[in-house]
1. Do you know which residues across region 298-315 are free of Cβ contacts under 8 Å to residues at least 60 places away in the same chain and under 22 Å from the mean Cα position of the chain (by Cα)?
2. Based on this model, can you work out whether D182 counts as modelled with pLDDT under 95 and within 16 Å of the ligand (Cβ to nearest atom)?
3. Confirm whether A75 is away from the ligand (no atom under 16 Å from the Cβ), assigned by TED's automatic domain parsing to the domain that holds L202 and touching a strand residue (DSSP E or B) at 6+ places or on another chain (Cβ under 7 Å).
4. Tell me, which residue of region 7-26 that is surrounded by 10 or more Cβ atoms within 10 Å (Cβ to Cβ) and under 22 Å from the mean Cα position of the chain (by Cα) is nearest to D48 (Cα to Cα)?
5. If you check A75 against the conditions, is it within 30 Å of C140 (Cβ to Cβ), under 22 Å from the mean Cα position of the chain (by Cα) and touching a residue at least 12 places away in the same chain (Cβ under 8 Å)?
6. Hey, among L292, L285, L296, L339, which residue is outside any loop (DSSP other than H, G, I, E, B) and either more than 25 Å from G242 (Cα to Cα) or in contact with a Cys (Cβ under 6 Å, 6 or more places away or on another chain) (or both)?
7. Consider only pairs whose beta carbons are under 7 Å apart and that are at least six residues apart or on different chains; among these, list those whose first residue lies in region 140-157 and is within 11 Å of D124 (Cα to Cα) and whose second residue is assigned to a loop (DSSP other than H, G, I, E, B).
8. Suppose we filter region 206-219 for residues that are touching a helix residue (DSSP H, G or I) at 6+ places or on another chain (Cβ under 6 Å) and farther than 24 Å from A314 by Cα; how many remain?
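The values are calculated or read from the model by the stated rules, or taken from the named source; none is laboratory data. Keep in mind that what you see is a predicted model, and the values were worked out from it rather than measured. When we count neighbours, we look across all protein chains shown, and the Cβ atoms used for this are built from the backbone with ideal geometry, even at glycine.
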Amino acid sequence: MVDLKAWLSRQREGEGLRSLRPVIRRGKGRITLAGDGDRELLDFSSNDYLALAEHPALIAAAQQALSRFGAGSGAARLMSGDLAVHHELEEAVARLKGKEAALTFGSGYMANIGIIPALVDRHDLIFSDRLNHASIHDGCRLSGARLVRFRHNDLNHLEDLLKEKRGRGSALIVVESIYSMDGDRCPLRELVELKERFGCLLMVDEAHATGVFGQNGGGVIEEDGVSGGVDLAMGTFGKALGSYGAYVAGNREMIDYLVNRARSFIFSTALPPAVAAASLAAVRLIRQEPDLRHELHEKITCFKALLRTGGCGADLGPSQIIPILIGESGAALHKADLLRKQGIFATAVRPPTVPDGTARLRFSITRHHSTADLAQAAKALLEIMDT
Ligand SMILES: *Cc1c(COP(=O)(O)O)cnc(C)c1O
């Protein structure tokens, strides 16, 4: 048993202690921190990229489902919790991702720790990008499969490892299409080529891509035209889709199999009807209103241009997630404080979420940000980078 007091004080000294701080939402991407009076901050930490969490269509869908079906679903899907809205949502997701079928989960974390152990076991291999999300990593460990981690986005390294270790058992390759802390993008076409050459299953986590990329918002797999080559297209409703919960899309057999084998699906209560209804409204919106996505991309371009014009030479990446590398945790925390004083809320992301020595400020752009908001944030950021 760890000595809790000693552990906590050690973390505090190393600037590694995390703590909760309630936030009051003011709407339009503005928040107030509890204990901070009335001062509004511009939220650059939200994953609600399309500002759908406050969209009237989601709110109305949730309210209607709430009053018709109640607050909870009452049981797991395989018991009596299986509602029509779950099926409608799954059909809509399957269409969006260009796959035959889909299955919903309680959250992205639950999806990843349920899907991966259902597919591979201790006789098998997993090839996992080193920067994959903690939920993917935990799913890999839970499976008991031999875990081979390749250098981030380095397909030459992956190919070498496949040649060296592939063997005869099943093998799963797992990546994210847009990386959550770096905002960079996986070269999916080349990856599909590799997975076919080496006879592996390919799972892609599109948590930060669905709704943001692809002509219909179907993610990078749609944009790169590789839906057919991706065996499992996983993602969450909690980010650009403005709701909560998660999904995986695949062929019919894959989904039928997961219904029987993914333990975090089987042994967990079905998504509440209001949550599923809000997610369904979001999936429909992102197809029907591509302008939501276009507006977001204009804002992303605008913010990056402001930073570049201001002399920022850093690589700002290809997505709505913009990492500003600082280095040590203490320095990152200090810079986040300075930004807060200027009305900008961007979280300092520190180890163990990111590798040691790569603490950073993570900016995420959302459709809430006005041109003036972006200008204010860029100015504040350029100033603190000089200090
Ligand atoms: C956020 C995230 C998850 C977890 O999704 P939740 O629905 O928040 O549990 C999984 N994978 C990636 C890449 C994520 O960024």
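1. Narrowing region 298-315 to residues free of Cβ contacts under 8 Å to residues at least 60 places away in the same chain: 298, 301, 304-305, 308-309, 313-315.
The answer is E298, T301, K304, D315.
2. Working: modelled with pLDDT under 95: yes; within 16 Å of the ligand (Cβ to nearest atom): yes.
Judged against the criteria, D182 is a match.
3. On the way: away from the ligand (no atom under 16 Å from the Cβ): yes; assigned by TED's automatic domain parsing to the domain that holds L202: yes; touching a strand residue (DSSP E or B) at 6+ places or on another chain (Cβ under 7 Å): yes.
Spelling it out, A75 is indeed away from the ligand (no atom under 16 Å from the Cβ), assigned by TED's automatic domain parsing to the domain that holds L202 and touching a strand residue (DSSP E or B) at 6+ places or on another chain (Cβ under 7 Å).
4. Checking each candidate, the answer is R25.
5. Details: within 30 Å of C140 (Cβ to Cβ): yes; under 22 Å from the mean Cα position of the chain (by Cα): no; touching a residue at least 12 places away in the same chain (Cβ under 8 Å): yes.
Answer is no for this residue.
6. Details: L292 fails: either more than 25 Å from G242 (Cα to Cα) or in contact with a Cys (Cβ under 6 Å, 6 or more places away or on another chain) (or both); L285 fails: either more than 25 Å from G242 (Cα to Cα) or in contact with a Cys (Cβ under 6 Å, 6 or more places away or on another chain) (or both); L296 fails: either more than 25 Å from G242 (Cα to Cα) or in contact with a Cys (Cβ under 6 Å, 6 or more places away or on another chain) (or both).
Going through L292, L285, L296, L339 in turn, just one is outside any loop (DSSP other than H, G, I, E, B) and either more than 25 Å from G242 (Cα to Cα) or in contact with a Cys (Cβ under 6 Å, 6 or more places away or on another chain) (or both): L339.
7. Within 7 Å, the pairs are S143/V120; S143/D121; G144/D121; G144/R122; A145/V120; A145/D121; A145/R122; A145/D124.
8. Kept after step one, since they are touching a helix residue (DSSP H, G or I) at 6+ places or on another chain (Cβ under 6 Å), are these residues of region 206-219: 207, 209, 211, 213-214, 216-218.
Adding the requirement that they be farther than 24 Å from A314 by Cα leaves 207, 211, 214, 216-218.
Count: 6.
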